[in-house]
Amino acid sequence: MSNAEEENFIQRMLAEQARQKVCRLRKAAGWSYQELAARSDISPETLKDLEEGRKPMTPYHLRKILDAYKYFQDQPQQKVQ
């Protein structure tokens, strides 16, 4: 496997893990796609496509979704030195 193939594989695996996490969070909260859409400012259609793997999960999407759950709210801020 070349370096490019290995990197592509790792990116696909990380995207799949993010997709699964988003799906679990939404279901655990008992939220519909409409509820998460209202909280994340991402359309219900896009959320469904992201969860089902029809659209790639980008860092932008992931941050908007995690912010909807206040995921980072209780995390200590790390200082960059």
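The values are calculated or read from the model by the stated rules, or taken from the named source; none is laboratory data. Note that this is a predicted model, so its numbers are computed, not measured. So basically every Cβ, Gly included, is an ideal-geometry build from the backbone, and we count neighbours across all protein chains shown.
Some observations on this one:
- If the condition is being crowded, with 16+ Cβ neighbours inside 10 Å and either closer than 14 Å to P59 by Cβ or modelled with pLDDT of 95 or more (or both), then the range 15-30 contributes A15, A18, R19, V22.
- Qualifying positions in the range 1-14 - surrounded by 10 or more Cβ atoms within 10 Å (Cβ to Cβ) and acidic (D, E): E6, E7
- Just so you know, in the range 32-45 the residues that are under 15 Å from the mean Cα position of the chain (by Cα) and outside any helix (DSSP H, G or I) include one that is farthest from R63 (Cα to Cα), and it is S43.
- Unique residue being at positive phi and either out of contact with any Phe, Trp or Tyr (no Cβ under 9 Å at 6 or more places or on another chain) or outside any helix (DSSP H, G or I) (or both) when the list is K70, K27: K70
- Scan of the range 51-63 for residues that are of a type in the set (D, E, K, R) and either closer than 16 Å to K27 by Cβ or more than 8 Å from the chain's Cα centre (by Cα) (or both), ordered by number: E51, E52, R54, K55
- Only a single item in (1) at pLDDT 95 or above; (2) outside any helix (DSSP H, G or I) is not met by D49, and it is number (2).
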